Amino acid sequence: MTMERIVSAYEKLTDLTEQRPELCVVLGSGLGSYADTMEDAQAIDYLAIPGFPMSTVQGHAGRLVFGKKHGVSVVCMQGRFHCYEGYTAAETVIPLRALIKLGINKLLITNAAGGVNTDFQPGDIMIIEDHINFTFLNPLTGPNVDEFGPRFPDMSYAYDKQLSQGLKDAAGSQGIDIKAGVYAMMAGPSYESPAEIRALRTLGADAVGMSSVPEIIAAAHAGVKSAAISCITNMAAGVLDQPLNHEEVMETGRIAASRIQTVIDGFIQRLA
Ligand code: HPA
């Protein structure tokens, strides 16, 4: 039962740290180093937290880093869990829900995504304005945890307008170009077929990835306000006449990382 795992993770966190962050920042592929810039940093390995799944993907360190940025109390998740690793959607959000129990009330998600919108280029940054869940998996499947939220939570405002504006302002003030659009979640781990990408484009997707939507749903369920940014690490399958590979995703993530860190930093500054 995932609720028991959430509670044991939460209880361990209350033992291990006195920090009670207001914001959780989920750092996706190639973006983990942002956590190294925090003050009063306290890192807790996922392996030290009972109830947590374990991370397997290259580029995901697998730890929580508590600390302060611009006077804001923040916890970064360096590494996240994916359904393609074999976890249920509910299991992938155990860390986030433990942090929600610990008191976070805002969430900033980052991820790597393929560009579906042909106006995009690798290295672009996109604010996620909405999503399409093509996995049809849901982290809230199973008995509802009333302590977190209602059985049938609304998703109309899953991406908070004010927080998203904070991302735009943070980018704009630093001269960083920022796109906005719809993120389609696919199950992976294989990348999409070119026909799937054409279908996603027709259906209104601008970017495609294999994460984040369960986290957004779990946050919205609990009344935690979210904003999300995708790093467009590659053009999605079939857009260019060339194969996709994970190294390219990681490399573009590395190149865009400093710009994304600037946006994250400006975003946090605006919360202070
Ligand atoms: N597809 C799915 N997930 C991804 C991609 C992609 O093209 N790039 C980075 N994550």
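Can you find a residue in the range 246-255 that is more than 10 Å from the ligand (Cβ to nearest atom), more than 23 Å from Gln78 (Cα to Cα), in contact (Cβ under 8 Å) with a residue 24 or more places away in the chain and open to solvent by 40 Å² or more (accessible area, probe 1.4 Å)? Looking through the range 246-255, none of the residues is more than 10 Å from the ligand (Cβ to nearest atom), more than 23 Å from Gln78 (Cα to Cα), in contact (Cβ under 8 Å) with a residue 24 or more places away in the chain and open to solvent by 40 Å² or more (accessible area, probe 1.4 Å).
Remark: pairs (first residue in the range 204-224, on the phi > 0 side of the Ramachandran plot and among the polar types (S, T, N, Q); second residue part of a loop (DSSP other than H, G, I, E, B) and open to solvent by less than 10 Å² (accessible area, probe 1.4 Å); Cβ separation under 9 Å; 6+ apart in sequence or on different chains) = Ser212/Gly28; Ser212/Arg80. Residues of the range 187-199 that are over 21 Å from Glu129 (Cβ atoms) and either buried (at least 18 other Cβ atoms within 10 Å of the Cβ) or more than 13 Å from the ligand (Cβ to nearest atom) (or both): Tyr191, Ala195, Glu196, Arg198.
Looking at the range 163-184 only, could you name the residues that are touching a residue at least 24 places away in the same chain (Cβ under 8 Å) and polar (S, T, N, Q)? If the condition is that a residue be touching a residue at least 24 places away in the same chain (Cβ under 8 Å) and polar (S, T, N, Q), then Ser164, Ser173, Gln174 are the ones that fit.
Taken together, the residues in the range 68-94 that are surrounded by 24 or more Cβ atoms within 10 Å (Cβ to Cβ), in contact (Cβ under 8 Å) with a residue 40 or more places away in the chain and part of a loop (DSSP other than H, G, I, E, B) amount to 2.
Conditions (1) surrounded by fewer than 22 Cβ atoms within 10 Å (Cβ to Cβ); (2) part of a strand (DSSP E or B), marked per residue:
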{"site": "Leu96", "(1), (2)": "no, no"}
{"site": "Leu107", "(1), (2)": "no, yes"}
{"site": "Ala112", "(1), (2)": "no, yes"}
{"site": "Thr118", "(1), (2)": "yes, no"}
{"site": "Gly123", "(1), (2)": "yes, no"}
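Screening Thr202 against (1) over 16 Å from Leu108 (Cβ atoms); (2) within 14 Å of the ligand (Cβ to nearest atom) leaves a single unmet condition, (2).
For the range 55-67, give me each residue that is in a loop (DSSP other than H, G, I, E, B) and either at pLDDT 90 or above or open to solvent by 50 Å² or more (accessible area, probe 1.4 Å) (or both). Matches in the range 55-67: Thr56, Gln58, Gly59, Ala61.
Residue by residue, here is whether (1) assigned to a strand (DSSP E or B); (2) open to solvent by less than 20 Å² (accessible area, probe 1.4 Å) holds:
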site	(1), (2)
Gln19	no, no
Asp40	yes, no
Ile44	yes, yes
Pro53	no, yes
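Does any residue of the range 23-35 turn out to be at pLDDT 95 or above, closer than 21 Å to Arg254 by Cα and out of contact with any helix residue (DSSP H, G or I) (no Cβ under 6 Å at 6 or more places or on another chain)? The answer is yes, given that some residue of the range 23-35 is at pLDDT 95 or above, closer than 21 Å to Arg254 by Cα and out of contact with any helix residue (DSSP H, G or I) (no Cβ under 6 Å at 6 or more places or on another chain).
Taking the listed residues Ala184, Ala180, Ala158, Ala171, the one that is open to solvent by less than 60 Å² (accessible area, probe 1.4 Å) and within 16 Å of the ligand (Cβ to nearest atom) is Ala184, with no other qualifying. Kindly indicate whether Ile232 is in contact (Cβ under 8 Å) with a residue 40 or more places away in the chain and crowded, with 22+ Cβ neighbours inside 10 Å. Spelling it out, Ile232 is indeed in contact (Cβ under 8 Å) with a residue 40 or more places away in the chain and crowded, with 22+ Cβ neighbours inside 10 Å.
The values are calculated or read from the model by the stated rules, or taken from the named source; none is laboratory data. For clarity, every value in this text was computed on a predicted model and none was experimentally measured. Virtual Cβ from ideal backbone geometry, glycine too; neighbours counted across all protein chains shown. To get the accessible areas, we keep the full protein, side chains included, count just its heavy atoms, and leave off ligands, DNA and RNA. Shrake-Rupley method; radii C 1.70, N 1.55, O 1.52, S 1.80 Å.
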